[in-house]
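Asks: One structure coming up, written as structure tokens, with questions to follow.
Each reported figure results from applying straightforward, stated rules to the coordinates on display, with no laboratory input. Just so it is clear, the model here is predicted, and its values are computed rather than measured. With ideal geometry, Cβ positions are generated from the backbone for all residues, glycine too; neighbour counts draw on all protein chains shown.
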Amino acid sequence: MKNYSYILIVAVLFCVSGCSHSVNITSEVSSEKINIHNCMQAPKHFVLNERNGIEAGNDTSLSGMVLIPGGIFEMGGDNEQSAPDEFPKHKVSVDSFYMDITEVTNVQFKMFVDATGYITTAERKPDWEELKKALPPGTPKPPDSVFLAASLVFKQTDGEVRLDDYSQWWEWVPGADWKHPHGPGSDIKGKENYPVVHISWYDAIAYCQWAGKRLPTEAEWEYAARGGLENKIYPWGNEHINTGKPKGNTWEGKFPYFNEEKDGYVLAAPVKSFASNGYGIYDMAGNVWEWCSDWYHADYYHMLRKGISKNPNGPDNSFDPIDPYTPKKTIRGGSFLCNEVYCSGYRVARRMKSSPDTGMEHTGFRCVKDVNKK
Ligand SMILES: [Ca+2]
Ligand SMILES: [Ca+2]
């Protein structure tokens, strides 16, 4: 169990860097440990759109989408909670696009799977040959018992724990996937209108392609989240997340052991459970994190600081200084696990990142569509 514990600890450390303040992860990792979330590698033939076997969709329907009118905005942090990678604030221009008004739901994802036979990353056994490419040189291979189809499931703790020890509340659970969000024995019956989770970036790409859509760029996502407001902290403005009536599904109380349930949900909520923003889109703050198409680079905004960037679609390469061996994609919007003392992921400017082969209980996505492709 010792090896497994090491693996789990490191897996969780890396996997949930998408919901933490800057933590010196490197200092937590000994050479004995290994990053298991890279075990959740998508097979090579699923990595690129043109190779994943999914027929590109020709659906011209804009059902469930809304037009986000293009414009110029200031992208980046708006308050003292902002992390270094949210600066400098810089001008960005985006063209008009359509966006799903909700996170992609279980029933929508089931339609995709039924039509294509697609198998998600979490449902496949990890491939060590692929895994080790994103690990520090010399990392030893973990035991075969670890190489199971699995995903990370949230486990509420009994009491207060160190918030830099993610293994306290994340568990690597064989059999956990989008149809079994809490592991074997759980299912999605009655949760048709909940956001699909345990979705890797590759899974999201495959769905979008089938639906004739694509993932939003990070700039499009933030522009849409702002709902037409300028330089505000949240999709609804500057009223504090915990003031007034609930505005999104977050973690209220003491994370990760006591949830006040003021918003009515400890875990994920049905989509559209809270008010939309100014563009008529829901859950841009909280519920589940949402994949964007861009690679994550901590210094990307410095690259764009001069002039107006038109439709930026991310850097060429990923760089996360606290985990430099693992390329990551950006995720946005926070989840039901975010709160003020932990990550404030529901702020519109909050940037997070995750390896594209990682699926978790609190990560989903929504799609966008170019106006000229309707
Ligand atoms: Ca909640
Ligand atoms: Ca969300």
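Asks: Out of the stretch 289-367, which trypsin sites (Lys or Arg not before Pro) are coil in DSSP terms and have no more than 11 other C-beta atoms within 10 Å? Walk me through the intermediate numbers first.
Replies: Numbers: sites: Arg305, Lys306, Lys310, Lys328, Lys329, Arg332, Arg347, Arg350, Arg351, Lys353, Arg366; in loops: Arg305, Lys306, Lys328, Arg347, Arg350, Arg366.
Of the trypsin sites (Lys or Arg not before Pro), the ones in loops of the stretch 289-367 whose Cβ has at most 11 other Cβ atoms within 10 Å are Lys306.
Asks: Where Rh is the Kirkwood radius over the Cα pairs of the stretch 289-359, the temperature 4 °C and the viscosity 1.567 mPa s, what D in µm²/s does Stokes-Einstein return? Walk me through the numbers before you get to the answer.
Replies: On the way: Rh = 13.1 Å.
So the translational diffusion coefficient is about 99 µm²/s.
Asks: What ³J(HN,Hα) values, in whole Hz, does the Karplus curve 6.51 cos²θ - 1.76 cosθ + 1.60 give for the stretch 90-97 when θ = phi - 60°, with x put for Gly and Pro?
Replies: 8, 7, 9, 10, 10, 6, 5, 7
Asks: I've got another one for you. Going Cα to Cα from Lys110, which aspartates and glutamates come in below 12 Å? Please leave out same-chain ones fewer than 8 positions away.
Replies: Straight-distance partners of Lys110: Glu192.
Asks: For the cross-link pairs Lys91/Lys272; Lys213/Lys306; Lys232/Lys329; Lys89/Lys247; Lys133/Lys189; Lys91/Lys245, which exceed 27 Å when the distance is taken from alpha carbon to alpha carbon?
Replies: On the way: Lys91/Lys272 30 Å; Lys213/Lys306 31 Å; Lys232/Lys329 25 Å; Lys89/Lys247 25 Å; Lys133/Lys189 38 Å; Lys91/Lys245 32 Å.
Over 27 Å Cα-Cα: Lys91/Lys272; Lys213/Lys306; Lys133/Lys189; Lys91/Lys245.
Asks: Further question: With contacts defined as alpha carbon pairs under 8 Å and 6 or more residues apart, what's the relative contact order of the stretch 152-194 in percent? Spell out each step's value before the answer.
Replies: Numbers: 42 pairs, mean separation 14.1, N = 43.
Contact order relative to length: 33 percent.
Asks: Going by C-beta contacts inside 10 Å, put Glu123, Glu230, Glu160 in order with the fewest on the left. Walk me through the numbers on the way to the answer.
Replies: Details: Glu123 19, Glu230 8, Glu160 12.
Ascending Cβ contact count within 10 Å gives the list Glu230, Glu160, Glu123.
Asks: Turning to a different aspect of this structure: How large is the convex hull of the Cα atoms of the chain per residue, expressed in Å³ as a whole number? Show your work: numbers first, answer last.
Replies: On the way: hull volume 48.6 nm³, N = 374.
Normalising the Cα hull of the chain by residue number yields 130 Å³.
Asks: Sticking with this structure for a sec: Only bridges whose two residues both fall in the chain count here: according to DSSP, what percent of them are antiparallel, nearest 5?
Replies: Details: 30 of 37 bridges.
Close to 80 percent.
Asks: Now, a different point. Assuming R0 = 51 Å, can you tell me the calculated FRET efficiency for the pair Glu74 and Thr116, based on Cβ-Cβ distance, to the nearest 0.05? Let's see the in-between values first.
Replies: Numbers: r = 40 Å, r/R0 = 0.79.
So the FRET efficiency works out to roughly 0.80.
Asks: From the C-alpha gyration tensor of the stretch 71-120, pull out the three semi-axes of the equivalent ellipsoid (sqrt of 5λ each), sorted largest to smallest, in whole Å.
Replies: Numbers: eigenvalues 253, 51, 20 Å².
So the three semi-axes of the stretch 71-120 are 36, 16, 10 Å.
Asks: Going by Cα centres, the stretch 217-261 and the stretch 311-363 are how many Å apart?
Replies: Centre-to-centre distance over Cα atoms comes out at 16 Å.
Asks: Would you look at the GNM of the chain, springs on alpha carbons closer than 10 Å, and say which of Gly227, Gly280, Gly244 moves the most?
Replies: Gly244
Asks: Tell me, what does the Kirkwood hydrodynamic radius of the stretch 175-329 come to in angstroms if you use every pair of distinct C-alpha atoms? Walk me through the numbers before you get to the answer.
Replies: Values: mean 1/r = 0.0558 Å⁻¹.
About 17.9 Å for the stretch 175-329.
Asks: Can you tell me, using C-alpha contacts under 8 Å and at least 6 residues apart, the relative contact order of the stretch 52-205 as a whole percent? Before the final figure, lay out each step's value.
Replies: Working: 184 pairs, mean separation 32.4, N = 154.
Once normalised by length, the contact order is 21 percent.
Asks: Under 4 °C and 1.567 mPa s, how fast does the stretch 170-220 diffuse according to Stokes-Einstein, given a Kirkwood radius computed over C-alpha pairs? Answer in µm²/s, whole number. Don't jump to the answer; show the numbers that get you there.
Replies: On the way: Rh = 12.6 Å.
This corresponds to a translational diffusion coefficient of 102 µm²/s.
Asks: Using only alpha carbon pairs under 8 Å that are at least six residues apart, calculate the relative contact order of the stretch 180-268 and give it in whole percent.
Replies: Details: 48 pairs, mean separation 12.5, N = 89.
Dividing the mean separation by the residue count of the stretch 180-268 yields 14 percent.
Asks: Per DSSP H run of at least 4 residues, take -39500 (n - 2.57); add these up for the chain, divide by its residues and hand me the 222 nm value, nearest 500 deg cm²/dmol. Before the final figure, lay out each step's value.
Replies: Values: 8 runs with 59 residues, N = 374.
Rounded to the nearest 500, it is -4000 deg cm²/dmol.
Asks: Sticking with this structure for a sec: Quick one: length gained pulling Asp316 to Lys141 fully straight, 0.36 nm per residue minus the C-alpha distance?
Replies: Details: separation 175, 0.36 × 175 = 63.00 nm, distance 2.96 nm.
Separation in residues times 0.36 nm, less the Cα-Cα distance, equals 60.0 nm.
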